[in-house]
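Read the structure below first, then the notes.
No value in this document is a laboratory result; all are computed from the given coordinates. Small disclaimer: the values here were computed from a predicted structure and weren't measured. Here the Cβ positions follow ideal geometry from the backbone for every residue, glycine too, while neighbour counts run over all protein chains shown.
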Amino acid sequence: MFQKQTRKSWFRKIVRAGLIIAFLFFSSSLFYVIYLKWMPPVTTLLMVKRAMVPSTDYGTVQKSVYCKWRSYDDISSQVKVAVIAEEDQSFSTHHGFDIDAIEQAFKHNEKGKRIRGGSTISQQVAKNVFLWNGRSWIRKGLEAYFTVLIETIWGKERILQMYLNVAEMGNGIFGVEAASEKYFKKDASMISKNEAAMLASILPNPILYNAMHPSAYIVRKQGRVERAMDKIGGARYLDDL
């Protein structure tokens, strides 16, 4: 009888501790998401990783992180349209998840080909800002949780602004302003359609691909992105956000 009561007591303590941890996680994450609706993040886990672990960029050891925050209106509409055309053409209509894209990616990956993701821009922001790279179910679950939060609290323009400010666009280069200064020697507000398509083309793997030294594959992809930008309506697409 005493052992049974002891087990029940420990079970209650574990449940209580779990509930406290869950409450603290939810309240702190909710507070941080609300804070980021108006303020830029201090850093991200990937930025910390790039700063701590040296890597080689075309023969040069890179250990610094270059990032400059820009407001939504200070970013060229061309680059906004380019990343949507390349990464998430249903961005204005979905609520964080593109079920069709996820199903297509699942069928593609089942065939044993190179793994392709079905993540929306919202999901990528949730991962980039709050989480770490990886394919575990725990991370995917947390990604879904944060995706719902930012879709509910931030809205589309803030999500797109956040994406364009924290996405890695080169080795240690984060955000469109840093990338524009590095590659094109100009402010992000001045990026042209051709330059925007180039940046969108390297996004899947900005360490492997380089906007200053584009391969033939990237140049072809740049052309496809430009055509996709026209197909979705160009800057008029942004009116629906």
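As a proxy for reagent exposure, ranking V125, V225 by other Cβ atoms within 10 Å from fewest up yields V225, V125. Calculated on C-alpha atoms, the gyration radius of the chain divided by its Kirkwood radius gives an Rg/Rh of 1.05.
The order of S215, S71, S119, S77, going from fewest to most other C-beta atoms within 10 Å of their C-beta, is S71, S215, S77, S119.
Peptides 168-179, 83-94 ordered by packing proxy, namely the average of other Cβ atoms within 10 Å per residue, highest first: 168-179, 83-94.
Distances between placed amide hydrogens fall under 5 Å for G172 paired with no residue 5 or more residues away or on another chain. Remark: K221, K182 ranked as K182, K221, counting other beta-carbon atoms within 10 Å and listing the fewest first. In the elastic network of the chain, a GNM with C-alpha springs shorter than 10 Å, the most mobile of G155, G18, G223 is G18. Spin-label model, L208/A235: points 7 Å from Cα along the beta carbon direction are separated by 3.4 nm. When the chain is treated as a Gaussian network with alpha carbon springs shorter than 10 Å, the biggest mean-square fluctuation among I14, I202, I99 belongs to I14. For the chain, the dipole from Cβ point charges (+1 on Lys and Arg, -1 on Asp and Glu) about the Cα centre works out to 1340 debye, to the nearest 20. Pick from F25, F184, F146 the residue whose mean-square fluctuation is largest in a GNM of the chain, springs joining Cα atoms under 10 Å. It is F25. The stretch between S215 and K68, if pulled fully straight at 0.36 nm per residue, gains 50.2 nm over its current Cα-Cα span.
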